[in-house]
Amino acid sequence: MDRRTGLPVVGMVGGGQLARMTQQAAIPLGLTLRVLSARPDDGAALVTPQTVLGEHTSYEDLAGFAAPCDVVTFDHEHVPTALVEKLAADGHTVYPSAAALIHAQDKLVMRERLAALGLPVPRWAPAADAAAVAAFGTEVGWPLVAKAARGGYDGKGVWVLDTAADADDLLAHGVPLLLEEKVPLRRELSALVARSPFGQVGAWPVVETVQRGGICVEVLAPARGLAAAGAEAQELAITLADRLGVVGVLAVELFETHTGRLLVNELAMRPHNSGHWTIEGSRTSQFEQHLRAVLDYPLGVTAMTAPAVVMANVLGGEPGGPSLDERLHHLFAADPAIRVHLYGKQVRPGRKIAHVTALGDDLDAVRERAARAARHLRDGHS
Ligand SMILES: Nc1ncnc2c1ncn2[C@@H]1O[C@H](COP(=O)(O)OP(=O)(O)O)[C@@H](O)[C@H]1O
Ligand SMILES: [Mg+2]
């Protein structure tokens, strides 16, 4: 607790844009956010006075960081499970707990648990060796999807295999692999909820996530024409949050198949890219809700603030062209209602450097505005 204000100190391991936007949400709540950041120029380190430089793989760094915190949470899932367990064993309050977090860290563990809970998932198998890959391909048909069980993000760690031989290199590296049928996707959805230790759960409307090259480029809120499937997806996310004992935000990435079935792809237990739209598009943003949840405060209202909200990620473009400052200037002139969130990163081609959000009545019009704004910031023209 901060002695001056009497308000809690929340520690977030990881200093990326999620922690940066969490700091933004912590300010009006009077909270102190404390960030463990690898580099002084990480997005959150730049805006958070209580930044501790250190490694999330070092227990010494984690424990020193956690000492003055009322609760410790995460902006990524890369803290080794044993260290999360040790923090809790040493008396720190850690949310989500190691037992819950493992399902967002290890895709094999997640698949096993979801299958045991009887929840809908793609057909899958662990890839123990070349024979297992060949057998699974024969069973479900080629191509297959192979995934690193741990450590992947933004499509790094996901491979499409056309033949069993495509797995040779991956197997040679000895990384534990998960195999999945290649699901015929109509689209991808995300069901975002938050759960508190008390057991309160708040769910946002289910959204559509548009991916390109393994990276989420656009989020449409609410997802179009969902009807009963929307309630089904929310129920699924709430069930998962309860059964896994998640505290904080839980994002359930879903596949909608061509026949309209919903399958769980993967889980994230932290604010998620598919929830950035909530900053302006919901009465309570995912960042504030995550803070409320880990502090066991009652959760905020999740109603939308407009009928249609679209978030577009801004990826770094090729060098050259107008400065970012000039791009912003022109963008604001063209669309005074557009909302921009820059992450304070150095621009590199393909790197997520910002997102934009547009709100309105008509989804197609809102989507066009968000896409144009994102193109403008990336390329210097739209
Ligand atoms: N079994 C699958 N069938 C079809 N597409 C898939 C499958 N698994 C993953 N993908 C595609 O790859 C993307 C990234 O996979 P995901 O498991 O979510 O990894 P990451 O951890 O990189 O987000 C998904 O959003 C989806 O577009
Ligand atoms: Mg994913």
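Here, each number is a calculation from the coordinates, and none is a lab measurement. This is a predicted model, so every value here is computed, not measured. Note that each Cβ is placed from the backbone with ideal geometry, even for glycine, and that neighbours are counted across all protein chains shown.
Side notes on the structure shown:
- Spacing of the modelled spin labels on His78 and Val301, each 7 Å from Cα toward Cβ, amounts to 3.9 nm.
- Note on Glu368/Ala172: beta-carbon distance plugged into 1/(1 + (r/R0)^6) with R0 of 45 Å gives a FRET efficiency of 0.45.
- Each part gets one Cα centre, and for segment 205-269 versus segment 1-80 those centres are 28 Å apart.
- One equal scatterer on each Cα of segment 261-382, no solvent, Debye formula: the resulting log10 I(q)/I(0) at q = 0.17 Å⁻¹ is -0.92.
- Eligible lysines near Lys107 by straight Cα distance, threshold 28 Å, same-chain separation 8 or greater: Lys86, Lys147, Lys156, Lys182, Lys352
- Three-way shape label, segment 66-217, alpha-carbon gyration tensor, a/c 1.5: prolate
- Distance between the 7 Å Cα→Cβ label points at Ile215 and His330: 2.0 nm.
- Under the Debye formula (equal points on every Cα, no solvent term), log10 I(q)/I(0) of segment 168-320 at q = 0.11, 0.12, 0.13, 0.14 Å⁻¹: -0.46, -0.54, -0.62, -0.71
- Shape class of the chain from the alpha-carbon gyration tensor: rounded, with the ratio a/c of largest to smallest axis under 1.5.
- Candidate aspartates and glutamates - alpha carbon under 19 Å from Lys345, same-chain residues fewer than 8 apart omitted: Asp41, Asp42, Asp75, Asp154, Glu318, Asp325, Glu326, Asp379
- Calculated FRET efficiency for the pair Arg186/Ala38, C-beta based, R₀ 56 Å, to 0.05: 0.90
- When the chain is described by a simple charge dipole with +1 on each Lys and Arg Cβ and -1 on each Asp and Glu Cβ, the residue from Val294, Ala104, Pro176 located farthest towards its positive end is Val294.
- Rounded if a/c under 1.5, otherwise prolate or oblate - segment 62-126, Cα gyration tensor axes: prolate
- Placing dummy labels 7 Å off each Cα toward the beta-carbon, the span from Leu342 to Ala128 is 5.4 nm.
- The residue list Gly316, Ala306, Asn273 was ranked by how far each Cα lies along the charge dipole of segment 237-343 toward its positive end, using unit charges on Cβ atoms, and Ala306 comes out on top.
- Estimated purely from DSSP H runs of n ≥ 4, each contributing -39500 (n - 2.57), the mean residue ellipticity at 222 nm for the chain is -9500 deg cm²/dmol once divided by its residues.
- Computed over segment 17-153, the P(r) tail beyond 24 angstrom holds 45 percent of alpha carbon pairs.
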